[in-house]
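The values are calculated or read from the model by the stated rules, or taken from the named source; none is laboratory data. Quick caveat: nothing in here was measured; it's all calculated off a predicted structure. All Cβ positions, glycine included, derive from the backbone under ideal geometry; neighbour counts span all protein chains shown. Please note that ligands, DNA and RNA were not included when accessible areas were found on the heavy atoms of the full protein model with its side chains. Shrake-Rupley method; radii C 1.70, N 1.55, O 1.52, S 1.80 Å.
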Amino acid sequence: MTPERLAGILDTYGAKPARWPDAERAAALQRLTVDAAATQRLRDEALLDVLLDCSTVPAPDAAMIQRATAAFRQHHGLAILRKWWVGCTLASAALAGAVAGTLVIAVAMPRFEDQQLLEWVDAQPTLFTPVDIGEGAP
Amino acid sequence: MATEAADPDDELLRCVGKGDATAMQAMVARKLPRLLALATRLLGNRSDAEEVAQESLLRIWRQAPRWRFGEARFDTWLHRVALNLCHDRLRKRHREELVAEPPEQPDPDASPDLRLVQQDEGVRVAAALRTLPERQREAIVLQYYQGLPNTAAAAVMGISVEALESLLSRARRSLRAALQGVRA
């Protein structure tokens with residue numbers, strides 16, 4: 001820790017060691033014990049810290065806390081509804097798919113059977129014997 | 001220099017993500033005063049600050065169920081959210097000021113000393129903070145008032161630690177000059 005760096009730390013972070021960079025705190029404190037100029041600078045920065053600490057912000061009031069918790073409940077309720085809605089949508093989609101599939105099968109199957117029947121009929125030898133017109137008569 | 005220690009908000013955040021009402025109340029108690037203080041000091045307006053704090057909390061409720069633990073420090077993320085919301089407010093305010101009437105001038109007959117005497121130190125410090133350039137004000141609010149480690153404050157502002165130190169040093173110098181003669 002150089003005297004310049006210690007001066008820089010005080011100038012930047014103020015007099016409270018808790019606010020100094022973690023990695024340099026121990027060395028800075030050690031350096032302070034032998035650096036009179038830095039000790040004087042520490043006192044000056046401590047005065048500024050005391051002034052800065054005079055600026056406080058009033059805590060949130062009960063109404064504000066209530067609004068925050070109400071917003072959470074509303075958000076959480078909506079999140080549950082959203083999950084439920086997504087679940088219903090998926091279930092509905094699955095049900096609709098099943099119904100549509102059933103309809104397709106119901107409509108398409110007879111046609112398929114007709115087609116199969118025709119093909120089967122075509123594949124069969126004729127059901128009628130050739131008309132005897134005497135050509136084959138002995 | 002980033003610390004790898006466990007995030008002190010992890011457990012609470014996990015419970016909030018599951019919709020635990022008690023955890024939510026604890027989260028409000030832990031974060032709302034900090035969010036309100038940050039926004040009040042940056043915006044200088046209680047009403048705007050309350051809206052920013054409430055909106056930041058809403059972002060927590062939305063983010064908690066899908067928070068990826070171990071990837072980022074929650075408090076740093078939350079400060080970045082609040083800071084961005086403050087930036088939005090300040091931009092909006094700036095646009096409104098451009099089209100609005102010029103601000104009322106101070107009464108030249110009132111003695112500056114008298115006005116100073118009427119204000120207490122806290123008010124004067126808050127006023128001095130408001131005169132700082134925006135980035136200097138952000139730096140000192142995050143590091144000094146919010147108590148963020150220098151690495152976290154730099155991360156929230158999206159700058160290096162060296163750049164943060166430069167802003168802090170200039171901010172403290174300006175504040176020292178502005179508060180000369182004031183004794184707490």
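Going by what's in this entry, would B:Glu55 be described as touching a Leu at 6+ places or on another chain (Cβ under 6 Å) and modelled with pLDDT of 95 or more? I'd like the intermediate steps shown before the answer.
On the way: touching a Leu at 6+ places or on another chain (Cβ under 6 Å): yes; modelled with pLDDT of 95 or more: yes.
It is true that B:Glu55 is touching a Leu at 6+ places or on another chain (Cβ under 6 Å) and modelled with pLDDT of 95 or more.
How many residues does segment B:121-133 contain that are more than 10 Å from chain A (Cβ to nearest Cβ) and either in contact with a His (Cβ under 7 Å, 6 or more places away or on another chain) or part of a helix (DSSP H, G or I) (or both)? Before you say what the answer is, go through the steps one by one.
Start the filter on segment B:121-133 by keeping residues that are more than 10 Å from chain A (Cβ to nearest Cβ), which leaves B:130-133.
Restricting the remaining residues to those that are either in contact with a His (Cβ under 7 Å, 6 or more places away or on another chain) or part of a helix (DSSP H, G or I) (or both) gives B:130-131.
The qualifying residues number 2.
Quick one: would you say B:Ala53 is under 19 Å from B:Val125 (Cα atoms), out of contact with any His (no Cβ under 6 Å at 6 or more places or on another chain), aliphatic (A, V, I, L, M) and surrounded by 20 or more Cβ atoms within 10 Å (Cβ to Cβ)? Walk me through it before giving the result.
On the way: under 19 Å from B:Val125 (Cα atoms): no; out of contact with any His (no Cβ under 6 Å at 6 or more places or on another chain): yes; aliphatic (A, V, I, L, M): yes; surrounded by 20 or more Cβ atoms within 10 Å (Cβ to Cβ): yes.
No, not satisfied.
Among the residues of segment B:37-50, which ones are at the interface with chain A (Cβ under 10 Å from one of its Cβ atoms) and surrounded by fewer than 19 Cβ atoms within 10 Å (Cβ to Cβ)? If you could, list the steps in order and put the result at the bottom.
Step one: list which residues in segment B:37-50 are at the interface with chain A (Cβ under 10 Å from one of its Cβ atoms), which gives B:37-41, B:46, B:49-50.
The one that is at the interface with chain A (Cβ under 10 Å from one of its Cβ atoms) and surrounded by fewer than 19 Cβ atoms within 10 Å (Cβ to Cβ): B:Arg46.
Determine whether B:Ala64 is at pLDDT below 95, within 11 Å of chain A (Cβ to nearest Cβ) and open to solvent by less than 50 Å² (accessible area, probe 1.4 Å).
Numbers: at pLDDT below 95: yes; within 11 Å of chain A (Cβ to nearest Cβ): yes; open to solvent by less than 50 Å² (accessible area, probe 1.4 Å): yes.
Judged against the criteria, B:Ala64 is a match.
Could you check segment A:44-65 and list, in sequence order, the residues that are more than 21 Å from B:Ala128 (Cα to Cα) and assigned to a helix (DSSP H, G or I)?
Listed by number, the residues that qualify are A:Ala62, A:Ala63, A:Met64, A:Ile65.
Out of all the residues in segment A:70-82, is one or more more than 10 Å from every other protein chain (Cβ to nearest Cβ) and over 31 Å from the mean Cα position of the chain (by Cα)?
So far as segment A:70-82 goes, no, none of its residues is more than 10 Å from every other protein chain (Cβ to nearest Cβ) and over 31 Å from the mean Cα position of the chain (by Cα).
Just to be sure before I move on: is B:Arg34 within 14 Å of chain A (Cβ to nearest Cβ), open to solvent by 30 Å² or more (accessible area, probe 1.4 Å) and more than 19 Å from B:Ala155 (Cα to Cα) in the structure I sent?
Details: within 14 Å of chain A (Cβ to nearest Cβ): yes; open to solvent by 30 Å² or more (accessible area, probe 1.4 Å): yes; more than 19 Å from B:Ala155 (Cα to Cα): no.
Considered against the rule, which asks whether it is within 14 Å of chain A (Cβ to nearest Cβ), open to solvent by 30 Å² or more (accessible area, probe 1.4 Å) and more than 19 Å from B:Ala155 (Cα to Cα), B:Arg34 comes out as no.
Looking at segment A:31-69, which of the residues that are closer than 22 Å to B:Thr40 by Cβ and more than 7 Å from chain B (Cβ to nearest Cβ) is surrounded by the fewest Cβ atoms within 10 Å (Cβ to Cβ)? So that I can check it myself, show each step before the final result.
To start, the set of residues in segment A:31-69 that are closer than 22 Å to B:Thr40 by Cβ comprises A:48-69.
With the extra rule that they be more than 7 Å from chain B (Cβ to nearest Cβ), the set shrinks to A:49, A:53, A:58, A:61-63, A:66.
Working: A:Asp49: 17, A:Asp53: 15, A:Pro58: 10, A:Asp61: 11, A:Ala62: 7, A:Ala63: 9, A:Gln66: 12.
Among residues in segment A:31-69 that are closer than 22 Å to B:Thr40 by Cβ and more than 7 Å from chain B (Cβ to nearest Cβ), the one surrounded by the fewest Cβ atoms within 10 Å (Cβ to Cβ) is A:Ala62.
Looking at segment A:1-30 only, could you name the residues that are hydroxyl-bearing (Ser, Thr, Tyr) and either surrounded by fewer than 15 Cβ atoms within 10 Å (Cβ to Cβ) or over 19 Å from B:Gln143 (Cα atoms) (or both)?
Step one: filter segment A:1-30 for residues hydroxyl-bearing (Ser, Thr, Tyr), giving A:2, A:12-13.
If the condition is that a residue be hydroxyl-bearing (Ser, Thr, Tyr) and either surrounded by fewer than 15 Cβ atoms within 10 Å (Cβ to Cβ) or over 19 Å from B:Gln143 (Cα atoms) (or both), then A:Thr2 is the only one that fits.
In segment B:36-67, what count of residues is obtained for those that are more than 21 Å from A:Phe72 (Cβ to Cβ) and of a type in the set (D, E, K, R)? Quick ask: steps written out before the conclusion?
Quick first cut of segment B:36-67, residues more than 21 Å from A:Phe72 (Cβ to Cβ) only: B:40-48.
This time we only want the ones that are of a type in the set (D, E, K, R), so: B:41, B:46, B:48.
Residues flagged as more than 21 Å from A:Phe72 (Cβ to Cβ) and of a type in the set (D, E, K, R) within segment B:36-67 amount to 3.
Can you name the residue in segment B:17-28 that is within 8 Å of chain A (Cβ to nearest Cβ) and surrounded by fewer than 19 Cβ atoms within 10 Å (Cβ to Cβ) and is also modelled with the highest pLDDT among such residues? Talk me through it step by step, then tell me what you get.
Narrowing segment B:17-28 to residues within 8 Å of chain A (Cβ to nearest Cβ): B:19, B:21, B:24-25, B:28.
Right, trim to surrounded by fewer than 19 Cβ atoms within 10 Å (Cβ to Cβ) and you get B:19, B:21, B:25.
Working: B:Gly19: 89, B:Ala21: 90, B:Gln25: 93.
Looking at the filtered set, the residue picked out is B:Gln25.
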